[in-house]
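What follows draws every value from the coordinates through simple rules; no lab data is involved. Since this is a predicted model, take the numbers as computed values, not measurements. So basically every Cβ, Gly included, is an ideal-geometry build from the backbone, and we count neighbours across all protein chains shown.
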Amino acid sequence: MGNQPWLELYPDTIPTHIDLEEKPVHAYLTEASKLYPEKKAIHFMGKEFTYREVHESSLKMAKYLQDIGIEKGDRVAIMLPNTPASVIAYYGILYAGAVVVQTNPLYTEREIEYQMKDSGAKAIVTMDILFPRVSAVFNKTELKHIIVSAIKDFLPFPKNLIYPFIQKKQYGITVKVEHSGSNHLLTEILKISSPVPVEHSLNFEEDIAILQYTGGTTGFPKGVMLTHKNLIANASMCDAWLYKNKKGEEVILGILPFFHVYGMTTVMILSVMQGYKMVLLPKFDVDMAIKTIHKQRPTIFPGAPTIYIGILNHPELSKYDLTSVQSCLSGSAPLPVEVQEEFEKLTGGKLVEGYGLTESSPVTHSNFIWDQKRVKGSVGVPWPNTDSKIISMETGEPLPPGEIGEIVVKGPQIMKGYWNQPEETEAILRDGWLYTGDLGYMDEEGFFYVVDRKKDMIIAGGFNIYPREIEEVMYEHPAIQEVVAVGVPDAYRGETVKVFIVLKQGHSATEEELDTFARQQLASYKVPRIYEFRDELPKTAVGKILRRKLVEEEKEKQANQKLG
């Protein structure tokens, strides 16, 4: 597969090639329930669940889904934070032979409606506090069933009694859902005794396990089709990379959301595959995170730069012992070198940066964690079974070390394609190679460097944000004539969203008004944080707004502010 100088860097403990077991994702939960029936699979806010309990609950979910009409290949959405319910729903859907549609709990009604329509999901598993949002779009989609969970259902006594009051104070509402008609309660589903769902034969290479939505050049989210092979391959690669870890003994901190493919693969699937315990947090709260690490002693901590930065800046950090952490893979955004060094000093463990895309399940490259050379500023080398090269944007030919071009990747973790979008698929997948659209280069030893992410994409706090979606929403405001969204440097989030706006003549609008408008249409992480009003925007001779010029102006402005 071409020149692969990085293979010489691999330690003997990491195989350059892995023979994959052709088993579907959920088969590993069946296996874990036999190998470790009474071992703790999940710790959640003080309550623990064994592998036997998670397996039985997942089978109950599968049987119930089949009883209400879910058939092989049907799509079932999960719109949950990291809770035991999210794990049970995920494996239950797969046991039923269906396809998981990962849905961000922060989505607005508009975003939920689009994703449900595009995927054709027949059912959705969500939580009580999100039920009104899902119900509002129910009749506009193909949804036939809403399965509702509540955080209190998985809490120990007396937390389960106290939590509803905390939730009411936090959200200002109490939601009660009856187990009838198209509405179903997970607590009732889990009362099923001796569940025996119908087993479906699955094609390891071809059958889709999940639809993971991502943005794209059109600005509209696309369903990335990830097969059972894609997910098992990437989790197996991750396990090989973490070669010092011991099967059945490690504890993984589950801060990364499972509705993001990075958290799903490196936390949930890897844990079940290796019999680890997952310590789940429903959201990233710095105070809760450091207390949990101090008490639960996780050894593996996949995360994103904003998470590590938040922990390092906690005012009472010195009160807590975080030295259980042995290995961390950072993804979703570039990892600042100073953050890496400070976090390693704090924990005594290793923190390395990786690289990947939703379309690659997601990891393709990473720096070595132990014993081998690490290169600052590099995203490392390709994982086992993975090939990568830098090609010329003009000719498509491979470039020599040191020259900047497009990063392309090939391996068993590369997606099957985009859901119902053959033209988009053909544009990015060619002869098995994934054309990332990211610019980078490779050095003489085979270490890769990312120079620039996809031209227009904004990565804020680990979330991919596509400018066109923001712009289309803002254009709906009656006072806006022109708008362009860009990512500007942010010390905490990596980047944050700024919009440049030209108002229609005779109209007015304030930042507060536009912020309120945006929050009604967009998930909170997509909402612009900075607004700048201008009389005109820079354009080409044919009238195209020069987005990159605005980005360069912002970088120059911030650089001057630092110098000043």
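A straight Cα-to-Cα reach below 16 Å connects Lys144 with the aspartates and glutamates Asp67, Glu71, Asp74, Glu113, Asp118, Glu178, residues fewer than 8 places away in its own chain not being considered.
Calculated from DSSP H runs of 4 or more alone, at -39500 (n - 2.57) each and per residue, what is the 222 nm mean residue ellipticity of the chain, nearest 500?
Details: 16 runs with 166 residues, N = 564.
After summing the helix terms and dividing by residue count, I get -8500 deg cm²/dmol.
Here the Karplus curve 6.51 cos²θ - 1.76 cosθ + 1.60, taken at θ = phi - 60°, turns the phi angles of segment 57-68 into couplings of 5, 5, 5, 5, 4, 4, 4, 5, 4, 5, 5, 8 Hz, with x standing for Gly and Pro. Fewest neighbouring Cβ atoms within 10 Å first, the residues Met61, Met393, Met474 line up as Met393, Met474, Met61.
For segment 459-563, the relative contact order works out to 26 percent when only alpha carbon pairs closer than 8 Å and six or more residues apart are counted.
Compute the signed sum of charges (Lys and Arg +1, Asp and Glu -1) over the other residues within less than 12 Å, Cβ to Cβ, of Ser324.
Residues close to Ser324 contribute a combined charge of 0.
Of the cross-linked pairs Lys47/Lys295; Lys47/Lys283; Lys350/Lys389; Lys122/Lys169; Lys47/Lys244, which ones have a Cα-Cα span greater than 22 Å in the structure shown?
On the way: Lys47/Lys295 13 Å; Lys47/Lys283 17 Å; Lys350/Lys389 27 Å; Lys122/Lys169 33 Å; Lys47/Lys244 28 Å.
The pairs that break the limit, which is 22 Å between Cα atoms, are Lys350/Lys389; Lys122/Lys169; Lys47/Lys244.
Annotation: amide H of Arg534 within the under-5 Å range of Ile501, Val502, Leu503, sequence separation 5 or more or interchain, hydrogens built in the peptide plane.
When each of Val251, Val101, Val375 is scored by the number of other beta-carbon atoms lying within 10 Å, the sequence from fewest to most is Val375, Val251, Val101.
Among the lysines of segment 459-563, pairs that are 8 or more positions apart or on different chains and have alpha carbons within less than 26 Å of each other number 23. Once each part is reduced to its C-alpha centroid, what is the distance from segment 471-502 to segment 401-434 in angstrom? Spelled out, the Cα-based centre of one part sits 29 Å from the other.
Considering only the other residues whose Cβ falls under 13 Å of the Cβ of Gly380, what net charge follows from Lys and Arg at +1 and Asp and Glu at -1?
Numbers: positive: Lys350, Lys373, Arg374, Lys376; negative: Glu353, Asp443, Glu445.
Cβ neighbours under 13 Å give a net charge of +1.
Which pairs break 29 Å Cα to Cα here: Lys140/Lys410; Lys152/Lys277; Lys117/Lys416; Lys40/Lys191? Exceeds cut-off: Lys140/Lys410.
Roughly how many debye, to the nearest 20, is the charge dipole of segment 321-373 about its Cα centre, given +1 on each Lys and Arg Cβ, -1 on each Asp and Glu Cβ, and no other charges? Don't jump to the answer; show the numbers that get you there.
Working: 3 positive and 8 negative charges, 27 e Å.
So the dipole magnitude of segment 321-373 works out to roughly 120 debye.
Its alpha carbons give segment 459-563 an Rg and a Dmax of 13.7, 40 Å. The fewest-to-most ranking of His26, His314 by surrounding Cβ atoms within 10 Å reads His314, His26. Residues of segment 374-397 with an amide N closer than 13 Å to a point placed 7 Å from the Cα of Arg548 along the Cα-to-Cβ direction: 393-394.
Sequence-ordered 3J(HN,Hα) estimates for segment 37-44 from the Karplus curve with 6.51, -1.76 and 1.60 and θ = phi - 60° stand at x, 9, 6, 6, 9, 9, 10, 9 Hz, glycine and proline given as x.
Taking Lys and Arg as +1 and Asp and Glu as -1, the other residues whose beta-carbon sits under 9 Å from that of Ala96 total 0. Using the Karplus relation 6.51 cos²θ - 1.76 cosθ + 1.60 with θ = phi - 60°, the per-residue 3J(HN,Hα) values for segment 207-212 come to 6, 7, 8, 9, 10, 10 Hz, with x marking Gly and Pro.
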